[in-house]
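For reference, the structure discussed in these notes is given below.
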Amino acid sequence: MIKRYRNIILVFILLGVLVFACKESITDTPVGNKPPETHLFLFPDSSISQQKSRLQVHWWGDDPDGLIVGYYFMWEGLDSVWHFTTKNDSVFSLPIGTVDTNYTFKVAAADNSGNGKYDSKIVRNNVDFGPEPFVDKNGNGVYDAGETYYDIGAVDKTPAEQKFPIKNSAPVVEWSELSGLPAESFPVMTIGWKAHDLDGDESIVSISLALNDTSGFIELNGNVRLVSLIIDNPDDPQPSFNVYVDGNPNKKLDKKLTNLKLNDYNTIYLKAKDISGAESEIITLPDTSSNWFVKKPKGKLLIVDDYSASENIQDFYNTQFGSLHNSELSGKFDVIDLEKTALPYQNITLLETLKLFDYIFWYSDASPSLEVINSVTQEYLQNGGKIAFSMTFQDSSANFQFDLPTLQNFLPVDSLGQKKSLPFLLPGAKVIPDSSSGNFPELKVETTIGFVRTYFPNGLVAKPVYNLESSQLSGNIGFITNTKNLFFIGLPLNQCNGNGNIGEFLELIFYGEFGFSP
């Protein structure tokens, strides 16, 4: 019985404790909403030193009694305006001044303890954050009923902040792989370069070029990466280069590159400058290990040596042209050897080089530079020049593609004649003037010629000049345009001097048909 009463008393005691506990809970002061805490760091580590002007900042927030709905951030020293985002990181591009600059980044997390309605003004901790952010569906710039908004509750009272010392990085320039200069050239050159800046390539505001004197830099736009330099007037006592951006004849710079030295060595200087005024190191072309000799054209005629064989053919043509018209051309024409002269950006540079001359004689063996010929011939002719070709064409191979469409890019040919069944034209073979060609002399093959074929020129724009005395071949071996600005013979003339009259032939082509005058 005593035990029973004891249990009843225990039950009453426990009930009393529970009632007291509940009473205490009700009478205590309620705990308010706790604001979130914010943290930030740099990627890949948190060490702060002078940074480049493009940097990535990460942040996050902790809320002990709720959820984070977004973050307010601000750059002191930039716009000092609070911006809202739901992201946890961003890449910022900070403007570079003329000196190194300090910016302070602040970010404060906001929780979801809002008041359940849209507020046109959010003031927390005596800071005005502006209206609550919302999704502007109709794009009218103001909040309309029904649009989604972020119900901002408490905002971190102590925003995370970090000072960023921004160090400006000077640009870096280097010559492109195609900008190696030959040992010598005519006063035409195309050069290209690369320019980079850690602060963003768009921060490069100018490229400066100078010739032989670093006190005479001229400025180009910061996005230019290639120019053609073409002599303005070879006879000017103080010659200079015209500058064409991207090698485009329609993009001529209004300033000239002065201090050009003809028949002498020259050096190009280049540097870049960024928005802060920081400049790259000056680079030179050529470098100190080589030289660039710029030749003044001797006259109106240029001979293009496109011979791939090791034998020296230049002497033959130098002798023939030097004796023309009572030797009036002696010392008054130039030669460029494509085999030995590697021009940077060859198609652009060679075309502009050809334009320095009114007349071109282009000779080769059976492997002429067809790609280059195709790229320059028509524009050279349209510029008023006159050109004569002497060459054969071997069958297509891995390094040489010969077909009718390729040929038609630079020659007025309708079709190809028969290919010689025997691949050689033997010594003693005759090259006979066409009946309509006038006074052209008969030529005689002196040494064996390979890869011989004939052609049928377009009768509307060209007429035949030479045929072969051969029952094995039909078609013409030589022709000239009706406008008398292009002549072609499908034989190397240096192998056709059996009659000793190649000089007479060249006289008729250049002085007779082309109307050459020194």
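Here, each number is a calculation from the coordinates, and none is a lab measurement. Keep in mind it's a predicted model, so treat the numbers as computed, not measured. Heads up, the Cβs are rebuilt from the backbone with ideal geometry, glycines too, and the neighbour counts pull from every protein chain shown.
If I model a spin label as a point 7 Å beyond the Cα along the Cα-Cβ vector, how far apart are those points for GLU281 and GLU147 in nm?
5.5
At 7 Å along Cα-to-Cβ for each site, give me the label-to-label distance between SER415 and ASN326 in nm.
Distance between label points: 4.9 nm.
If I take R0 = 25 Å and measure r between the Cβ atoms of THR319 and ASN374 in this structure, what FRET efficiency does the formula 1/(1 + (r/R0)^6) give, to the nearest 0.05?
Computed FRET efficiency for THR319 and ASN374 comes out at 0.25.
In whole Å, how far is the Cα centre of region 165-225 from that of region 260-324?
If you average the Cα positions of each part, the centres end up 19 Å apart.
Would you mind checking the radius of gyration and Dmax of region 298-513 based on alpha-carbon positions, in Å?
16.1, 46
Relative contact order for region 200-342: what percent, with Cα pairs under 8 Å and sequence separation of 6 or more?
On the way: 246 pairs, mean separation 27.2, N = 143.
Relative contact order for region 200-342 comes out at 19 percent.
Of MET74, MET391, GLY130, which is farthest towards the positive pole of the chain's charge dipole, taken about the Cα centre with +1 and -1 on the beta-carbons of Lys, Arg and Asp, Glu respectively?
GLY130
Just to verify a number: FRET efficiency for LEU78 and SER435, C-beta to C-beta distance, R0 = 60 Å, to 0.05?
Numbers: r = 86 Å, r/R0 = 1.43.
Efficiency for this residue pair is about 0.10.
With runs of 4+ DSSP H residues as the only contributors, calculate the mean residue ellipticity of the chain at 222 nm using -39,500 (n - 2.57) per run, divided by the residue total and rounded to the nearest 500.
Details: 7 runs with 72 residues, N = 518.
Result for the chain, helices only: -4000 deg cm²/dmol.
Can you give the extra length, in nm with one decimal, that the chain gains between ASP65 and LYS340 once fully stretched, where that is 0.36 nm per residue apart less the Cα-Cα distance?
Result for the pair: 91.0 nm of gain on full extension.
Please arrange VAL69, VAL172, VAL452, VAL372 by counting, for each residue, the other beta carbons lying within 10 Å of its beta carbon, fewest first. Before the final figure, lay out each step's value.
On the way: VAL69 21, VAL172 15, VAL452 24, VAL372 18.
In order of increasing Cβ crowding within 10 Å: VAL172, VAL372, VAL69, VAL452.
Considering the dipole of region 298-513 built from charges on the beta carbon (Lys and Arg +1, Asp and Glu -1) around the Cα centre, which of ASN318, PHE510, ASN482 is farthest to its positive end?
Positive-most Cα among the choices belongs to ASN482.
What FRET efficiency, computed as 1/(1 + (r/R0)^6) with R0 = 25 Å and r the Cβ-Cβ distance, is obtained for LEU178 and ASP235, rounded to the nearest 0.05?
Values: r = 31 Å, r/R0 = 1.23.
The value I calculate is 0.25.
In debye, nearest 20, what is the charge dipole magnitude of region 37-166 about its Cα centre with +1 on Lys and Arg Cβ and -1 on Asp and Glu Cβ, if you could check?
Details: 10 positive and 19 negative charges, 77 e Å.
The dipole of region 37-166 has a size of about 380 debye.
Could you tell me which residue out of THR288, THR214, SER228 lies farthest along the dipole of region 172-293 toward its positive end? Charges go on the beta carbon: Lys and Arg +1, Asp and Glu -1, centred on the Cα centre.
Selected residue: SER228.
Just to check I understand the Karplus step: with θ = phi - 60° and J = 6.51 cos²θ - 1.76 cosθ + 1.60, what whole-Hz values come out for region 475-483, glycine and proline as x?
Taking θ as phi minus 60°, the curve returns x, 9, 9, x, 7, 9, 6, 5, 7 Hz for region 475-483.
Quote the convex hull volume per residue of region 172-293, based on C-alpha atoms, as a whole number of Å³. Each step should come with its number before you reach the end.
Values: hull volume 12.8 nm³, N = 122.
Value for region 172-293: 105 Å³ per residue.
Once both labels are modelled 7 Å past Cα along the beta-carbon direction, what's the SER308-PHE456 spacing in nm?
Simple spin-label model gives 2.9 nm for this pair.
Work out, step by step, the length gained on full extension between GLU161 and ASN383: first 0.36 nm times the residue separation, then minus their alpha carbon distance; give nm to one decimal.
73.3 nm
Only helices at least 18 Å long along their own axis, judged from Cα atoms, and with Kyte-Doolittle mean hydropathy of -0.5 or greater: name those in the chain from DSSP H.
On the way: long enough: 2-27 (38 Å, 1.28); 370-382 (19 Å, 0.02).
Long hydrophobic helices here: 2-27, 370-382.
Quick one: which of LYS261/LYS300; LYS34/LYS106; LYS163/LYS271; LYS332/LYS463; LYS256/LYS298; LYS255/LYS296 span more than 27 angstrom between C-alpha atoms? Numbers along the way, then the final one.
Numbers: LYS261/LYS300 20 Å; LYS34/LYS106 20 Å; LYS163/LYS271 33 Å; LYS332/LYS463 31 Å; LYS256/LYS298 23 Å; LYS255/LYS296 22 Å.
Pairs exceeding the cut-off: LYS163/LYS271; LYS332/LYS463.
Considering the zone a paramagnetic label at LYS252 would reach in this model (a point 7 Å from Cα along the Cα-to-Cβ line), which residues of region 219-235 have amide N under 14 Å from it?
Correct set: 228-234.
How are the alpha carbon pair distances in region 37-166 distributed across 10 Å bins from zero to the largest one, expressed in percent?
So the P(r) values, bin by bin, are 12, 40, 31, 15, 2.
Rounded, prolate or oblate: pick one for region 438-478, where a ≥ b ≥ c are the square roots of the eigenvalues of its C-alpha gyration tensor, a/c under 1.5 means rounded, and failing that, prolate if a/b is larger than b/c, else oblate.
Details: a/c = 2.24, a/b = 1.38, b/c = 1.62.
Because a/c hits 1.5 or more and a/b fails to exceed b/c, region 438-478 counts as oblate.
In nm, what is the difference between 0.36 nm times the number of residues separating ASN126 and LYS295 and their Cα-Cα distance? Please list the in-between numbers first.
Values: separation 169, 0.36 × 169 = 60.84 nm, distance 7.66 nm.
Taking 0.36 nm per residue and subtracting the Cα distance, the gain is 53.2 nm.
With a cap of 16 neighbouring Cβ atoms within 10 Å, and only residues DSSP puts in a loop, list the GluC sites (Glu not before Pro) found in region 425-498.
Working: sites: GLU442, GLU446, GLU469; in loops: GLU442, GLU446, GLU469.
Sites meeting the loop and neighbour criteria: GLU442, GLU469.
Excluding ALA145 itself, what net charge comes from residues whose Cβ is under 12 Å from its Cβ, given Lys and Arg +1 and Asp and Glu -1? Walk me through the numbers on the way to the answer.
Working: positive: LYS117, LYS137; negative: ASP144, GLU147.
With Lys, Arg at +1 and Asp, Glu at -1, the neighbours total 0.
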